[in-house]
Amino acid sequence: MNTTEKAPVLVGVDGSDSSLDALRYAAKIAAALGAPLRAITTWDYPALIDLCPTPGWIPDEDAADILNAAIGNVFAGDPPAELSAAVVAGPPASVLIKESRDAEMLVLGSRGRGGFTGLLLGSVSSTCSTHAHCPVLIVRHERHERHDENAERTES
């Protein structure tokens, strides 16, 4: 890495609400630091893919669609000038930990798309927070609908 370039704020994006919140927050941090923003989506073949291949499924294209949709959703067609986006093959935690070597900070959502929905912290966030080579910020997704329901109950 060129030492005159600022290290990017790295953000993992899987299309979940939590990762969209992480992308928004990472953009604010990158702007505040005057650093570039690097959004990464990973893909990996499921363990049993050879036994039951899915016809027509192209995982890297699917991952690119998820990343592009997330960027479009978060930035409404006006992404930051210093945003770079990448789709990388490999398990999410391993890829993000490797990428964190050259990052100013790693920003992740607290929960992704997989695993057990009742957990407060997903496996990727947990693993990255332990093994990343830079500071890690985990953004918790706020469920705004629930807050609105509670507000209506107290007003009644």
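The values are calculated or read from the model by the stated rules, or taken from the named source; none is laboratory data. All values reported here derive from a predicted model rather than from experimental measurement. Cβ placement follows ideal geometry from the backbone for every residue including glycine, while neighbour counts extend to all protein chains displayed. The protein model used for the area step is the full one, side chains on, heavy atoms only, and it has no ligands, DNA or RNA in it. Shrake-Rupley method; radii C 1.70, N 1.55, O 1.52, S 1.80 Å.
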#### Entry: Leu20, sole failed condition from (1) open to solvent by 50 Å² or more (accessible area, probe 1.4 Å); (2) at pLDDT 90 or above
(1)
### Message
If I ask for residues that are loosely packed, with under 15 Cβ neighbours inside 10 Å and of a type in the set (Gly, Ala, Ser), which ones from the range 69-85 would you list?
### Response
Ala69, Gly72, Ala76, Gly77, Ala81, Ser84
### Query
Within the range 106-125, is even one residue open to solvent by 20 Å² or more (accessible area, probe 1.4 Å) and modelled with pLDDT of 90 or more?
no
